[in-house]
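Structure record follows, encoded as structure tokens.
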Amino acid sequence: MRQKSGDTGAARAASGKGATAARDPNRRSRLSKPGATVDAATWSPRHPLEPGLHLVATPIGNLGDITLRALWVLRGVDRILCEDTRVTRRLLTHYGIDKPLDPYHDHNAERARPLALAALRRGERLALVSDAGTPLVSDPGYKLVRAALAEGLPVTASPGASAVVAALILSGLPADAFLFAGFLPPRAAARRTALDKWREVPATLVFFEAPSRLAAALADLAQALGDRPAAIGRELTKRHEEMRRDGLAALAAHYREAPAPRGEIVIVVGPPSAAAAPEAGDLDARLDRLLAGHSLRDAVAVLAAETGLGRTLLYARALARQRAAAAQ
């Protein structure tokens, strides 16, 4: 069930009736009055922080990107679940917040999750944050949210910074439909297999990548998806923020020659072109020509890059052409 934010429960307790949207104080803040000013250290909506699990977005680089609501939540919770207590402590110290921190990450989530759920059942207020950005995006927090929702425990979000959205809107690529696919597999074979399933998605693709693997990943992207327009976001929102925009092949060549970049990397790749797929007869003729001078795998890779068609489809067709030729 979708959780209602704000002081709906408090309003019900005061009036004995369900709160209406018009009377819900959570829909107004202290900035409502014309000319009102705000102090980040004291801002709050006109209601107490409700018990439950609060998903709080944190800055991805620039500490100024945290929201007033996020600071209010972090000040009001009983404790904070975080990936790395050292990283979160630096953020809290900067804003003068002192709260107990409990680690919650890939390596301890199975042990920490039951303790968090027990605290929620007791009516505690917990915040869940990642090291940077919006929690649950490429971290184990979704399992805690799923478990809390399954028990009917309150869950709400304080949205904010996201490397995915920042890179997408800075890329200059279509943002009306996009797919975030997380980190690409580190091994080349697994990476190529993963890319094959994203090839025909009619949307802009967004990936995270480690700096040390960027050049290899871009080469595989160019081979698997064709030379699509793309952008590389590095150190987004920080002083040395960089967005490099070009075709995948040119970007692969640049990072192959340049030293490995530093910082967080986001890859944004444009959607497939709307060019019509080749006719079946033309496709078979092109396959026959490629198979005459290439291995089956290489012929499929070349034609996939040229046409934008999926490798699975082309592989089955090429294999049938080879078998037909051998039977003659």
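The values are calculated or read from the model by the stated rules, or taken from the named source; none is laboratory data. Note that the coordinates shown come from a computational prediction; the quantities given were computed from them, not determined experimentally. Every residue, glycine among them, receives a Cβ derived from its backbone with ideal geometry; neighbour counts consider all protein chains shown.
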Taking the residues in the stretch 83-123 that are within 22 Å of the chain's Cα centre (by Cα) and of a type in the set (A, V, I, L, M) as candidates, determine which candidate is nearest to W43 (Cα to Cα).
L91
With A127, A57 as the choices, which residue is in contact (Cβ under 8 Å) with a residue 24 or more places away in the chain and in contact with a Cys (Cβ under 9 Å, 6 or more places away or on another chain)?
A127
Quick one: count up the residues across the stretch 44-64 that are surrounded by fewer than 18 Cβ atoms within 10 Å (Cβ to Cβ), outside any loop (DSSP other than H, G, I, E, B) and under 19 Å from the mean Cα position of the chain (by Cα).
0
Considering only residues that are surrounded by 20 or more Cβ atoms within 10 Å (Cβ to Cβ) and in contact with an Asp or Glu (Cβ under 8 Å, 6 or more places away or on another chain), which ones fall in the stretch 145-180?
A161, A163
Regarding A116, is this residue surrounded by fewer than 19 Cβ atoms within 10 Å (Cβ to Cβ) and either touching a residue at least 12 places away in the same chain (Cβ under 8 Å) or assigned by TED's automatic domain parsing to the domain that holds E264 (or both)?
no
Can you go through T93, T67 and tell me which one is polar (S, T, N, Q) and closer than 26 Å to R262 by Cβ?
T93
